[in-house]
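Since every read-out is calculated from the coordinates, none of them should be taken as a lab result. Please read these numbers as outputs of a predicted model, since none were measured by experiment. Note that each Cβ is placed from the backbone with ideal geometry, even for glycine, and that neighbours are counted across all protein chains shown.
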Amino acid sequence: MKLAVTILTIAALASVPLWLRDPYLMNALITTGIFIIGAMSLNLLLGFTGQLSLGHIAFFGIGAYVSALTSLGFDVGLPGGFRIVHEPWPPAVGFVLAIIVAGLCGYLVGLLSFRVRGAYFVIVTISFAEVVRLVALNWVELTQGPLALTNIPSITIGLPALGSLTLRTKLQNYYLVLAVAVATYLLISRLVHSHFGRAMRGLMENETLAVSVGIDVTKTLTLAAVISAGIAGAAGSLYAHYIRIIDPEVFAFINTVTMVIMVITGGKGSLAGPVVGGLIFGLLPVFLRPIMAPEAQWIAYGGVLIVILFVLPRGIVPSLAQRWAKWRSRPHAAGAVSFSERDVKENA
Amino acid sequence: MGSAATALKVEQVAVRFGGLVALSDMNFTVGEGEIVSLIGPNGAGKTTAFNVMTGFLDPTHGCVSYRGTALNGLKPHQIADLGLIRTFQRTSVFPNDTVYDNLLVGLHRQGRVGLFEAILGLPRARSSERRLRERASELVEWVGLARRAHDLAGSLSYGEQRLVGVALALAAEPSMLLLDEPVSGMNASETHTFVQLIRNIRDRGVTILLVEHDMPMVMSVSDRIVVLNYGRIIAEGPPDVIRNDPAVIEAYLGQGASRA
């Protein structure tokens, strides 16, 4: 049943370019898809370990910059008269490096803050994102600062026997993002259903008890942070090679907030939650734009957010799943009612 | 007693919180395969002693060792890896998971497979997963909660939750089990079943240290009893000796009782 829904959803999403020709909408779907990947990575931390990363965009931005710089090449001077000259490498290598470097950053942030956790983790992640933004803004020699990195090449995929394919069109990028999103979904699904995922859940629900049966807190949480950051880095890399220009604004706090909104409304701790929340809040601005003034769009955006959280406080997917489960157990309830009705008749 | 090897050894352990002495110069041992109870009035330091033995609290002074390994400075999960597993007085379950899933979390130590094996779903990870599920079903059956297996642990009665807590600890494959007031909140028949359970666990070769207030239960199940008062051991011996020890009677009933 669950598998069928998953396959149908993937099939439906894969069919979109066949009937949707509007390039503006395609563009919105691609960027939404990239943000959904980011939201899924955030959900791994927030929904499955209970740790809120309010600087999650840092890993996304680091992935974007690493991937862009790997494929553009750079020439920077370091203190002490050293120079690092890097010749451009294929974007696919940048994609892999983005995951590795972002994952390493996740490791460092996790190691620093998981000794104390909770509010401290939130603060460390916010600070980390701000520091990274300032570096991107001020290390002009490497990042071009506010002038932005431009002309980032599109991703090229080497296909055996078919030669290589450069993904320039929206159609190609749509399928690339969809493929990475599906892979991410599978990875997180496998992870949370393995004993790693159970260790995470255990720690979130009752840390003392989890520790007493042999679960290593620091190791488990750091692992979640590394994987989460690595996925965010992959999303950032896709973003850089699709948009083909990035500047330090990518680190803006609002981007983290967008991901948090996608996770919370969709349902944290549910695999499909960030996808549902992401589609709603990724595409909402697209539909509001033609009918509203810019200021009104933000008000409507906030309104939708409040309504969802008011009606379905645990998030769309968990709340609906709960109602569905209740509805399914109704036949028993109905049986009990008819039984008592018969009793009444017999007594009468 | 009669057991040859020492499992747990507590030597000169003292715990002070600022000026408050929670434990002072505590010395006792538990032999392999023994059932030992640690009793004493409220505030005597029983739970503090448990916390020291399982790494949740560092002693101010002294040393605890298990099967020859000093536990000082080890984290709780490392002590669990030595086979020393505890239960808790209050928070004994993962309330938002089913009983069955609780036990799967408890089986963490048995299910360690590589990260990539787990993510890629390689055969070793899958067969390990299958083994864990079988083991969880066995355990749920063994503690008599099979029909509650798919209910949320938080929705169970207090007594049933204590059973889940014990099953969780058993899932971690202990060689020694520390039970912190396991029968508090249980009715007489639940307690009776629980005593049987403890004996069964011991017969599987698990050493047991018990903190408990229910005296009839302690007297019936223990091989040996250690009595704490104000952080000090005031008596130690088999149930019959403890029952008639004047110091123990005084600690529980006040001075007048021992004179009378």
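Annotations
- In Hz, Karplus ³J(HN,Hα) per residue of region B:18-35 (6.51, -1.76, 1.60; θ = phi - 60°; x = Gly, Pro): x, x, 7, 8, 8, 9, 9, 6, 8, 10, 6, 10, 10, x, 4, x, 8, 10
- Semi-axis lengths (Å, descending) of the ellipsoid that matches the C-alpha gyration tensor of region A:23-252: 31, 22, 15
- Net charge of neighbours whose Cβ lies under 14 Å from the Cβ of residue A:133, counting Lys and Arg as +1 and Asp and Glu as -1: -3
- Long-range amide H partners of residue B:225 with built H, under 5 Å: B:37, B:237
- With an a/c value of 1.5 or above and a/b larger than b/c for the gyration tensor axes a ≥ b ≥ c computed over the alpha-carbon atoms, the protein assembly as shown is described as prolate.
- When chain A is treated as a Gaussian network with alpha carbon springs shorter than 10 Å, the biggest mean-square fluctuation among A:294, A:90, A:153 belongs to A:294.
- For region B:128-143, Karplus couplings with θ = phi - 60° (6.51, -1.76, 1.60), whole Hz, Gly/Pro x: 4, 4, 4, 4, 4, 5, 4, 5, 4, 5, 4, 5, 5, 5, 4, 8
- Label separation (residue A:2 vs residue B:126): 1.7 nm, computed from points 7 Å beyond Cα along the C-beta direction.
- What the Cα convex hull of region A:130-212 gives, in volume per residue, is 207 Å³.
- Two tests apply to each whole DSSP H helix in chain A, Cα reach of 24 Å or more along its axis and mean Kyte-Doolittle hydropathy of at least 0.5, and the ones passing both are A:2-19, A:23-46, A:91-113, A:119-138, A:170-193, A:217-243, A:294-311.
- Cross-link partners of residue A:219 among lysines (Cα-Cα below 27 Å; sequence separation of 8 or more within a chain): A:268, B:75
- Database remark: amide H of residue B:26 closer than 5 angstrom to the amide H of B:12, B:13, B:14 (H placed geometrically; neighbours at sequence offset of 5 or more, or on other chains; Pro and chain starts carry no H).
- Lys/Arg +1, Asp/Glu -1 at C-beta; chain A dipole; positive extreme among A:288, A:193, A:107: A:193
- About the Cα centre, charge dipole magnitude for region A:23-252 (Lys/Arg +1, Asp/Glu -1 at Cβ), debye: 400
- For region A:41-163: relative contact order, % (alpha-carbon pairs under 8 angstrom, 6 or more apart): 31
- Neighbour-count ranking [beta-carbon atoms within 10 angstrom, fewest first] of B:63, A:105: B:63, A:105
- Figure legend: label point modelled 7 angstrom from the Cα of residue B:90 along Cα→Cβ; residues of region B:182-198 with amide N under 18 Å from it are B:182-186.
- Taking the charge dipole of region A:23-252 about its Cα centre, with +1 at Lys and Arg Cβ atoms and -1 at Asp and Glu Cβ atoms, the residue from A:146, A:74, A:119 reaching farthest to the positive side is A:119.
- Cα-centred dipole magnitude for region B:81-240, charges only on beta-carbon of K, R (+1) and D, E (-1), debye, nearest 20: 480
- Karplus-based coupling profile of region B:216-233, in residue order and whole Hz: x, 5, 4, 5, 7, 9, 7, 7, 8, 10, 10, 10, 10, 8, 6, x, 10, 7, with θ = phi - 60° in 6.51 cos²θ - 1.76 cosθ + 1.60 and x standing for Gly or Pro.
- Top positive-direction residue, dipole computed over region B:68-218 with Cβ charges, set B:116, B:178, B:89: B:116
- Note on region B:94-179: Cα convex hull, mean projected area over all directions, 5.9 nm².
- Taken along the Cα-to-beta-carbon direction at a fixed 7 Å, the label points for residue A:292 and residue A:323 span 2.2 nm.
- Between B:69, B:47, B:207, the GNM of chain B built on Cα springs shorter than 10 angstrom shows B:69 fluctuating the most.
- Sorted by Cβ neighbour density within 10 Å, fewest at the top, the residues A:212, B:220, B:128: B:220, B:128, A:212
- For chain B, the C-alpha radius of gyration divided by 2.2 N^0.38 Å, with N the number of residues, is 1.06.
- In this rough spin-label picture, where each label sits 7 Å from Cα along the Cβ direction, the residue A:159-residue A:283 distance is 2.7 nm.
- When only alpha carbons are used to place a centre, region A:281-325 and region B:15-90 end up 52 Å from one another.
- Kirkwood radius and radius of gyration were both taken over the C-alpha atoms of region A:183-294, and their ratio Rg/Rh is 1.06.
- Cβ-based exposure ranking for A:70, A:222, A:150, B:29, in which fewest neighbours within 10 Å come first: A:150, B:29, A:222, A:70
- The length gained on full extension between residue B:134 and residue B:155, counted as 0.36 nm times the residue separation minus their Cα-Cα distance, comes to 5.2 nm.
- Under the Debye formula (equal points on every Cα, no solvent term), log10 I(q)/I(0) of region A:77-206 at q = 0.09 Å⁻¹: -0.45
- When +1 charges are put on Lys and Arg Cβ atoms and -1 charges on Asp and Glu Cβ atoms, the dipole computed for the protein assembly as shown relative to its Cα centre reaches about 1220 debye.
- Structure-based [θ]222 nm, the protein assembly as shown - -39500 (n - 2.57) summed over DSSP H runs of at least 4, per residue, nearest 500: -18500 deg cm²/dmol
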